[in-house]
Amino acid sequence: MRVTSEINGKFIWGILSIPKKATGSSMSCRSEHIWIEPITGARKTSNFCWAFILFLGSLGFLLVGTSSYLGRNLISLFPSQQIVFFPQGIVMSFYGIAGLFISSYLWCTISWNVGSGYDRFDRKDGIVCIFRWGFPGKNRRVFLRFLIKDIQSVRIEVKEGIYARRVLYMDIRGQGAIPLTRTDENFTPREMEQKAAELAYFLRVPIEVF
């Protein structure tokens, strides 16, 4: 599979090959000189649960909403909903349709496994490769390649509060910060620190915390 990436305004061609050990397991594959970290995409248990719940809930809203103005035969199937007035039925139908669209979006991301891929750190060749699956289209395959010598640090971004967020980045000279983890991944502080420390030790770069 041939892909391109743009670095410093130049397109770099490369052959993309996903190692079998990395794609067949959720655990990383590591040796003395190579570290391959598989990345979980949209095919997570929580996404399956939300997509299923949204589908059932929106389908229920749609059926109850349409039953308010489709006649007595349909209303008789839902005797507990006979008090629903026509305007309320329109609103409930709207919520049902909106929920079906959101549910369909979630099922599509799960089917395409958006966000999945792998990170490959090769100290022997001095190259870092980052691959992600995106949405179908021209940018379905995202492939970036950097030199290890251009990595300035491994950065941890921490935001506490109601919507706590912990994201791991690589600070690349001339490229800025490249995220290695998703914002919706629920790493504990200890897990994030351990992951950052192991990666920084492997790459021989310092750790920064923001």
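Brief remarks on what is shown
- The stretch 83-172 gives an Rg/Rh value of 1.24, both radii derived from C-alpha positions and Rh following Kirkwood.
- Stretch gain in nm, segment Leu59-Arg30, where the contour uses 0.36 nm per residue and the Cα spacing is subtracted: 5.8 nm
- Cβ-Cβ FRET estimate between Glu185 and Asp122, R0 fixed at 25 Å, reported to 0.05: 0.55
- Model label points for Ile90 and Thr45, set 7 angstrom from Cα along the Cα-to-Cβ axis, are 4.4 nm apart.
Any read-out appearing in this document is the output of simple, stated calculations on the displayed coordinates, not a laboratory observation. This structure is a prediction, so every number in the text was calculated from the model and none was measured. Glycine also receives a Cβ, built like all others from the backbone with ideal geometry; neighbour counts cover every protein chain displayed.
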